[in-house]
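Worksheet: the structure to be examined is printed underneath.
Rule-based calculations on the coordinates, nothing more; no lab input. Since the model is a prediction, treat every value here as computed from it, not as a measurement. For neighbour counting, all protein chains shown are included, and Cβ atoms are generated from backbone atoms with ideal geometry for every residue, glycine included.
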Amino acid sequence: MTVFAREPGVSVTATEDTRIAVIGGEPVGRRFIEWNFVSSRKERIEQAKDDWRAGRFDKVVGDEAEFIPYE
């Protein structure tokens, strides 16, 4: 995840075939990021880590066989 400053002239260059999502809007406040988890509350990150380890997340469609453990 990247957060750009409010300055003109930002560019992104891909060096290989790439999918990118650009999301914009007003700031929503402080966020905590750990691994693939993002939340405004640290306790929600801890719950997500527990849920991931316990297999309570849905499988990724088309990639149901692989599981990447949280370490």
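What ranking, highest mean first, results for peptides 15-23, 57-65 when packing means the other Cβ atoms within 10 Å averaged over each residue? Display every interim value, and only then the final one.
Numbers: 15-23: 5.3, 57-65: 8.7.
Averaged packing, sorted descending, gives the order 57-65, 15-23.
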- prompt: How large is ³J(HN,Hα) for each residue in the range 19-29, as worked out from phi by the Karplus curve 6.51 cos²θ - 1.76 cosθ + 1.60 (θ = phi - 60°), to whole Hz, x for Gly and Pro?
  reply: 10, 9, 10, 10, 10, x, x, 6, x, 10, x
- line: Once phi for every residue in the range 49-54 is put through the Karplus expression 6.51 cos²θ - 1.76 cosθ + 1.60 (θ = phi - 60°), the whole-Hz ³J(HN,Hα) values, with Gly and Pro written as x, are 4, 4, 4, 5, 4, 7
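Sorting check: for 46-52, 36-42, 3-9, which peptide has the highest mean count of neighbouring beta carbons within 10 Å, and how do the rest follow? Please list the in-between numbers first.
Values: 46-52: 14.6, 36-42: 12.4, 3-9: 5.7.
Listed from highest to lowest mean packing, they are 46-52, 36-42, 3-9.
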statement: Projecting the Cα atoms of 18, 38, 60 onto the charge dipole of the chain, where Lys and Arg contribute +1 and Asp and Glu -1 at Cβ, the residue farthest towards the positive end is 38
message: Counting just the Cα atoms, what span does the chain cover along each of its three principal axes? Round to the nearest Å and put the largest first.
response: 44, 32, 20
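Quick check for me: using +1 on Lys/Arg Cβ and -1 on Asp/Glu Cβ, what's the dipole size of the range 29-71 about its Cα centre, in debye to the nearest 20? Before the final figure, lay out the partial values.
Details: 9 positive and 10 negative charges, 78 e Å.
Dipole size: approximately 380 debye.
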query: Residue separation times 0.36 nm, minus the C-alpha to C-alpha distance between residue 50 and residue 35: what's the value?
result: 4.1 nm
